[in-house]
Each structure stands twice: as C-alpha cells, then as structure tokens.
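What follows is a short report on a single structure.
The values are calculated or read from the model by the stated rules, or taken from the named source; none is laboratory data. Here the structure is a predicted model, which is why all the values come from computation and not from measurement. Glycine also receives a Cβ, built like all others from the backbone with ideal geometry; neighbour counts cover every protein chain displayed. These area figures cover heavy atoms from the full protein model, side chains too; ligands, DNA and RNA do not enter into them. Shrake-Rupley method; radii C 1.70, N 1.55, O 1.52, S 1.80 Å.
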Amino acid sequence: MTIKKYYNLAKIKLFPITRSLTGNGVRKSLSIIQKEFSKLKIKKFKSGTKVFDWNIPEEWNVSEAYVIDKYNNKIIDFKENNLHLVGYSTPIKKSITKKELFKNLYYLKNQPKAIPYITSYYKKRWGFCISYNEYKIFNKRYFPNDKFKVVINSNLNKKGSLNYGELILKGKSKKEILISTYICHPSMANDNISGLIVTMGLINYFKNKKLNKTLRFVFIPETIGSISYLSKNLKYLKENVIGGYNITCIGDERQHSCMFSKYQNSPSDEAVIQAYKLLKIKRYKIYSFLERGSDERQYNSPGIDLKISSIFRSKYGQYPEYHTSLDNFNLITLKGCNGGFNVVRKSIEILLERIYPKYKIICEPQMGKRGLYPTLSLKNKKKFTKNYMNFLQHADGTNSLEKISSLIHIDLKSVKKINQILSKNFLVN
Ligand code: ZN
C-alpha cells in the first residue's frame, strides 16, 4: 500500500497553489481532490455569516503583487513565490519611499535564506515577505529617498464565501470517526500539504472497504473552518463521533509524534498508542494538549468535546523550516508521508474494530425483570451479577471492551460475553 500517487499529485498540482482561508486557491485545491474522489462535496459558508463568536471573513483573492525599483526592476514578485505576499493583504498601487516600503517588509534575521509565512486575516494591512539576505541587499542598494512602485492587485469580497470539503464513507453503524485536515496554507509542504497527501491516502485506502463505523473526512481552512463546521454540525457530531484525528505536519522523516485529546484518556488517544505498538514504532513523542495550535483547539473545546487527537511527524512550531519557504518538498518525503499514513490508518482501523458499549438506560437497570439478576439473593450468584453491574458502570460509550476488561479486572473473553448478553437485552449498544 503506497500513497505515491497522492504525493506526486500534491507536489506537482497542489503545492504551487495560493491558498488562504478563502478564495480561488481553496476551491481549486478542493476540485483537484474531488477529481480523485467524486464523493467529495464542496460546500460553503457566505462571508459575514456568524459562526459562534466569529464571522466568516471576506473572500480574498489576488492576481498580482510586486515591487518595482527606480531602475524598473521587479525586485519582489508574488508570482515567483506566493509567500512573498502577506496573506489577506489589502490592495495598493502606489509610489512610496524606501522608508515606507521597509515598514511593510517582513524577514527572519535568524534564518537569512527563508521567506517567512505571514498572514493578517483580521486586521487590514499590506506587506511583503522576503529573506533576510534579500533585505540586506536592498538596504545596501537603495538610498532613503529612492522611490518604489508597489502593486498589490487583491480583492476582498464581502459577498464571497469560505469553502470546505466533506466526504463521508458510510459504515454499518452511525458511530463516526472524524478525520480533519486543513487547506488554507499557501506553498508549504509539511505544514499543510502533507496532511492532504495522507488524508487522500486514507480515503483511497478505506473507500472500498466494509466499515463497521462511518468515516467522515473534512478539508477545512484552519480555525475559522473548524469553528464554522462545528457550528453547523455540532449536534450530529456530538451524538455520533467516537473520536478521530486532526492530520497535519505528517510528512518528514525526523520523528513520529502525536497530541492527546484534553483529558488524555479518549479512544483516539489509546488507538494511536496501540498503533505505534503494532507498527513497532518505539520512538515517538507525545505532546501535551497545552502545546496545541491547530484544529484540535476547537474539537476539544468545552461544549464541543469530541475528543479528537492529532497525529504528526514533526509537529508545527517544532521544526526550523516551519512557516517559511524552507518547508518544501526537500523536507517532506514519500517515505515520511507513508510512515505518517500508516500510523493514522492503523489508529483508524483500531477505532473501527473496537467496540465502545454505551448505556441505553439511565441509572442501574432493573436486572431481575430481565432474568439477569437472581430473584433470591444467593451468595455465589452475586459475583456474576456484580460483573454485569461493573460493566454497565463503565459502558459510557468512551471505553473499549479492552479498557473495560482492565478497569473491572475480568478477562477480555468474559467481557465480550457480557457485552453480547447485555446488548441482546437492549441494555447497551
Ligand atoms: Zn501553519
């Protein structure tokens, strides 16, 4: 099983696209993915729509952005690298001085070859990003009163929309596993593109399989996308999602890592650790939920609490190329992506396979009328009943049979038997 096809597709077609929270780049990326999987639905929220405490932003598109010097040389050009433009830059067409231009230039002194990735979604401004080496050259070459022509041909549309993709693979049960990845970063590989590669690999792997549970895949812009998706689907998700993963930064070869859901005891947390074990991956890092930075923030918020974990190779913020032009296809490899893919695939298989019994009756059921409780209180029969009651106490939908077995100190075989009897009697499902 390989995800080579999606690695190559992403490298050639998806990587170069200018993506942002909204706009043509997101739609184009989604339609490339839809060509692979016709079941993918491309949906939208209109700009200005209120989603919880937020509003869907105006749709941003850009056709050109550059700076021309007094010798008529184009010294910065968005067409050469889309990271050169600060995301959501407002339009401008103006002649300005070196001083004014330099106020709107961003660079990283400690990474002189890298173009930083910068956005300004919620405050209106414009700017360009360049490497520190370029900055030094410009600084030497031009006098303070030199003039520059700055052109940013961008558009902020109040009547635009925010797009996202959703693909559901129906299983036998309505119980769902949610896989979420984001689609809002421009040309960077580990942070963003690797998530798309692995998620496409997962859809391809599971699409023709008989599934015990339903798989829901979403491709959304980070933060505002998950917030708006949750605002629309929360009730259904809360009823049916048993766990799942946020997939990002999963394509390099340096390490395996994951982030548990908030209380570190969810089915998804257990499944990823079991997956490392089954895949014989001995070295991995578990990040604390306090180090969160992606959509796990929304999925585990109070009131949402979908118990979503994250699976990474080198996590965002933890590798030097992060949010710069150095995060490219030199960093992510097919081998790295395949390694990440295998961990997620295995974790999903564990979640699909395992049974998480859930009570159907509030408080202890009356066992006697179901013939599950001795009507005479005989000493030796009590133990058997106690096992039923212990099982039911833990059947809250978040514990697997394996976990219940260890919680109530009974072997797995007997726990499976108890589950069968209780579900036959409509006490759990
Ligand atoms: Zn990022």
Just add up the charged neighbours of L105: K/R +1, D/E -1, any other residue whose Cβ is under 12 Å from the Cβ of L105. +2
Taking the chain as a Gaussian network, Cα atoms linked when under 10 Å apart, which of C184, C258, C363 shows the biggest mean-square fluctuation? C363
Under 17 Å Cα-Cα from K282, which lysines qualify once same-chain neighbours fewer than 8 residues away are excluded? K346
Round to the nearest 10 and give me the degree value, 0 to 90, for the angle of helix 24-36's Cα axis relative to the longest principal axis of the chain. 50 degrees
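Using only DSSP helix segments of four residues or longer, with each worth -39500 (n - 2.57), what per-residue ellipticity at 222 nm results for the chain after dividing by its residue count and rounding to 500?
-10000 deg cm²/dmol
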Relative contact order of the chain, please, whole-number percent, based on alpha carbon pairs below 8 angstrom and at least 6 residues apart. 16 percent
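Out of the total accessible area of segment 59-157 (probe 1.4 Å, heavy atoms of protein only), what percent is carbon and sulfur?
Values: 2540 of 5330 Å².
Ligands and nucleic acids excluded, carbon and sulfur give 48 percent.
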Grab the beta carbon distance between F143 and K232, set R0 = 51 Å, and tell me the FRET efficiency rounded to 0.05. 0.40
How do 115-126, 388-399, 216-227 rank on mean C-beta neighbours within 10 Å, highest first? 216-227, 388-399, 115-126
Taking amide H atoms as placed 1.01 Å from N in the peptide plane, list the residues 5 or more away in sequence, or in a different chain, whose amide H sits under 5 Å from that of Q255. S314
Principal axis extents for the chain, Cα atoms only, whole Å, descending order, please. 100, 44, 37
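What size of dipole, in debye to the nearest 20, comes out for the chain about its Cα centre when the only charges are +1 on Lys and Arg C-beta atoms and -1 on Asp and Glu C-beta atoms?
Details: 76 positive and 32 negative charges, 221 e Å.
I would put it at about 1060 debye.
Say the cut-off is 21 Å between C-alpha atoms; which of K262/K416; K99/K149; K43/K232; K98/K140; K369/K424 go over it? Display every interim value, and only then the final one.
Numbers: K262/K416 29 Å; K99/K149 13 Å; K43/K232 12 Å; K98/K140 11 Å; K369/K424 14 Å.
Going by Cα-Cα distance, K262/K416 fall outside the 21 Å limit.
Just flag the chymotrypsin sites (Phe, Trp or Tyr not before Pro) in segment 259-307 sitting in loop per DSSP whose Cβ has no more than 13 other Cβ atoms within 10 Å.
On the way: sites: F260, Y263, Y276, Y284, Y287, F289, Y299; in loops: F260, Y263.
Here the chymotrypsin sites (Phe, Trp or Tyr not before Pro) that fit, given the DSSP loop and packing criteria, are Y263.
Could you please report the charge total around K235, scoring K, R as +1 and D, E as -1 over all other residues with beta-carbon less than 14 angstrom from its beta-carbon? Write out the running numbers ahead of the final one.
Details: positive: K174, K232, K238; negative: E176, E239, D305.
Summing Lys and Arg as +1 and Asp and Glu as -1 gives 0.
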Label-point separation in nm, K207 to Y263, each point 7 Å along Cα→Cβ: 3.8 nm
Under a straight-distance cross-link criterion of Cα-Cα below 12 Å, which aspartates and glutamates are reachable from K158, leaving out those fewer than 8 residues away in the same chain? E58, E59
Would you work out which of I355, Y245, I193 lies farthest towards the positive end of the dipole of the chain? Charges go on Cβ: Lys and Arg +1, Asp and Glu -1. I355
In terms of Cα to Cα distance under 19 Å, which aspartates and glutamates are near enough to K41, apart from those fewer than 8 places away along the same chain? E166, E176, E222
At 1.4 Å probe radius, can you tell me the per residue accessible area of segment 59-157 in Å²? 54 Å²
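Scale the Cα Rg of segment 59-157 by the rule-of-thumb value 2.2 N^0.38 Å and send over the ratio, two decimals. List each step's numbers first, then the result.
Values: Rg = 12.8 Å, N = 99, 2.2 N^0.38 = 12.6 Å.
This ratio for segment 59-157 stands at 1.02.
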Separation between the N387 and H409 pseudo-spin-labels, each 7 Å from Cα along Cα→Cβ, expressed in nm? 1.4 nm
Would you work out which of N390, N300, N163 lies farthest towards the positive end of the dipole of the chain, given +1 charges on the beta-carbon of Lys and Arg and -1 on that of Asp and Glu, about the Cα centre? N390
Specify the inter-centroid distance of segment 148-187 and segment 258-319, based on alpha-carbon positions, in whole Å. 22 Å
